[in-house]
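Pasting in a structure now, in structure tokens, and then I'll have a few things to ask.
The values are calculated or read from the model by the stated rules, or taken from the named source; none is laboratory data. On a predicted model such as this, the values are computed, not experimentally measured, just so you know. We place every Cβ from the backbone using ideal geometry, glycine too, and count neighbours over all the protein chains shown. Keep in mind that these areas ignore ligands, DNA and RNA; they rest on the heavy atoms of the full protein, side chains included. Shrake-Rupley method; radii C 1.70, N 1.55, O 1.52, S 1.80 Å.
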Amino acid sequence: MLKRLLLCIDVSGNGLLHGAGMRQFGTAWDGWQVCTVSGLAAAARALRAHSFPVGVLISSFDGLGELDSFLHQHWDMQWVGIFPPRALQMAACRRLVRDHCHDYHTLPVDMLRLRHTLGHAYGYATLRELPHAPLCALEQPDMALKGGGVAIGRLRSQILKVAGASAPVLIWGESGSGKELTAQAIHVHSARAAGPFVPINCGAIPAGLAQSELFGHERGAFTGATRDKRGLIESAAGGTVFFDEIGDLPLPLQTNLLRFLQEKTIYRVGATHSTAVDLRVIAASHVNLLEAVQQGRFREDLYYRLNVLALDVPPLRERKEDLMLLANHFFSTYASERAPMVKGFSNAAVEAICNHAWPGNVRELINRVRRAMVMAEGRAIMPQDLGLSVADESGADVALDGIRWRADREAVQACLASAGGNISKAARDLGVSRMTLYRMIKRLNIEC
Ligand SMILES: Nc1ncnc2c1ncn2[C@@H]1O[C@H](COP(=O)(O)OP(=O)(O)OP(=O)(O)O)[C@@H](O)[C@H]1O
Ligand SMILES: [Mg+2]
């Protein structure tokens with residue numbers, strides 16, 4: 001349960017707060033614990049010390065100054081702005097309200113209305129907290145692999161088990177499902193964590209240089225070898241080497257790798273002696289290596305050498321319970337790329353996310369969330385912002401939400417235009433109160 005902590009910022013630091021009849025705020029008011037500060041630097045200090053679900057900004061608004069970037073940084077709070085009426089005639093102030101504020105008031109403050117606004121903002125903050133709850137309850141804080149479901153829980157406990165051993169690990173999983181992250185987690189929890197983690201993409205090693213890239217070379221081994229060079233395997237000494245897409249490793253290199261796994265020594269190209277290298281080997285593949293063995297593309301003996309400890313990373317469609325937790329996690333991770341007014345996912349977007357098959361797994365989810373954070377035009381991400389085909393995958397309800405939103409937006413825009421921008425007239429024409437119309441303008445993200 002969130003604490004009812006309220007941060008009250010006198011942005012301009014000119015005592016506007018007290019002048020506004022809010023002296024009664026003190027340190028406790030109407031069930032709130034209030035922290036009142038003057039200026040943004042003091043506000044930033046208060047925010048480092050405590051987490052506030054709701055903040056009040058009172059500003060005479062002489063320009064944006066640092067306010068925009070400050071609010072951008074603290075996007076996860078519900079902000080209520082209080083400004084002199086003239087400030088709202090400035091486009092910058094209106095934009096700030098639209099992008100960052102849960103609601104706004106004009107001076108002089110109507111304390112009863114403010115009490116309702118703050119209560120509503122707190123309710124909203126509480127709602128936004130809920131999807132994160134399983135993350136806190138089930139997450140192992142030191143594990144980069146996020147997820148609270150059974151499948152990811154099983155994978156995490158397997159990671160911890162194999163981390164304690166030193167035998168090779170073979171990780172299987174579809175593209176983008178988290179194989180490299182799994183390999184990193186094994187390394188981080190192993191006794192070699194202080195050593196290097198060296199990933200090698202076996203499909204991307206240039207053919208002519210492959211031998212020397214992996215095993216290194218001695219000076220004079222070939223034209224252009226002007227000095228001794230350590231290979232990638234040697235550079236992982238004391239740590240872990242991760243062979244990604246091991247199925248793409250050319251056959252001659254498979255033979256050399258097998259020798260290394262058997263003897264724990266390597267031969268640099270052109271060397272007459274071997275070098276002992278102590279490291280852990282982890283390999284990953286998104287194709288079935290046994291099939292590659294049957295087709296003669298992968299050495300059977302290497303397969304059995306690598307497949308001592310096998311881990312399966314489940315595809316995202318088999319851990320739907322983690323979808324929103326991951327989506328919210330990436331939303332927070334890439335918060336700086338977010339259009340300022342975007343606060344989270346709409347119900348329609350949640351449904352579209354849950355209905356999509358995610359063939360590109362977690363990487364696809366990251367890309368779609370990042371795209372939506374930029375493309376969204378309202379406060380909540382819609383399915384189309386994620387590039388998800390609403391009609392095909394998410395059913396009629398989701399499609400309806402989007403259609404309704406667009407229809408409402410067009411109707412309100414048309415009404416405002418025919419009323420010449422006069423809010424009272426447009427509200428009368430629509431048959432709603434002025435306050436309702438203001439709320440609709442905000443919800444539908446209409447510039448006026
Ligand atoms: N459970 C997870 N929690 C958080 N991030 C994840 C999780 N799984 C994957 N990711 C992220 O998804 C992206 C893809 O993961 P990763 O590179 O490990 O997948 P992969 O299976 O190796 O993909 P590929 O087959 O394309 O090489 C990375 O940015 C990774 O950090
Ligand atoms: Mg990978």
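Given a Förster distance of 41 angstrom, what is the FRET efficiency for ARG371 paired with ALA276, based on the Cβ-Cβ distance and rounded to 0.05? Before the final figure, lay out each step's value.
On the way: r = 48 Å, r/R0 = 1.18.
Once the sixth-power term is evaluated, E becomes 0.25.
Let me check against my output: what whole-number percent is the relative contact order of the chain, with C-alpha pairs under 8 Å and at least 6 apart?
12 percent
Compute the Rg to Rh ratio over the chain from the alpha carbon atoms, using the Kirkwood formula for Rh, and round to two decimal places.
My calculation puts Rg/Rh at 1.11.
Let me check I've understood the local charge: for VAL293, count other residues with C-beta under 15 angstrom from its C-beta, Lys and Arg +1, Asp and Glu -1. What total comes out?
Working: positive: ARG297, ARG299, ARG305; negative: ASP248, GLU291, GLU300, ASP301.
Here the count lands on -1.
Going by Cα centres, the stretch 74-131 and the stretch 167-206 are how many Å apart?
That distance is 47 Å.
Hey, another quick one. Within a Cβ distance under 11 Å of ALA87, other residues only, what is the Lys/Arg minus Asp/Glu net charge?
Result for the neighbourhood of ALA87: +1.
Same structure, new question: With every protein chain present, what is the per residue accessible area of the chain (1.4 Å probe, Å²)?
Values: 21230 Å² over 448 residues.
Computed with neighbouring chains in place, this is 47 Å² per residue.
Specify the residue with the greatest mean-square fluctuation among VAL362, VAL287, VAL342, computed from a Gaussian network of the chain linking alpha-carbon atoms under 10 Å apart.
VAL287
Percent of accessible area on the chain owned by carbon and sulfur, 1.4 Å probe?
Exposed carbon and sulfur together represent 54 percent of the surface.
For the stretch 360-369, take each phi angle, set θ = phi - 60°, evaluate the Karplus expression 6.51 cos²θ - 1.76 cosθ + 1.60, and give the result in whole Hz per residue in order, putting x for glycine and proline.
Couplings: x, 6, 5, 4, 5, 4, 4, 4, 5, 5 Hz.
Now for a different question. Test of understanding: given the chain, find the longest segment containing no chymotrypsin sites (Phe, Trp or Tyr not before Pro) that are in a DSSP loop and have at most 15 other Cβ atoms within 10 Å.
Counting at most 15 other Cβ atoms within 10 Å as exposed, the longest clean stretch of the chain is 1-221.
Okay, next question. Could you count how many Lys pairs in the chain have their Cα atoms under 19 Å apart, skipping same-chain pairs fewer than 8 positions apart?
Lysine pairs, 8 or more places apart or on different chains, close enough: 8.
Run lengths n ≥ 4 of DSSP H only: what is the helix-derived mean residue ellipticity at 222 nm for the chain, with -39500 (n - 2.57) per run over all residues, to the nearest 500?
About -13000 deg cm²/dmol.
If we count every other residue with Cβ under 10 angstrom of ASP103's Cβ, Lys/Arg +1 and Asp/Glu -1, where does the sum land? Let's see the in-between values first.
Numbers: positive: ARG113, ARG439, LYS442; negative: none.
Every neighbour counted, the sum reads +3.
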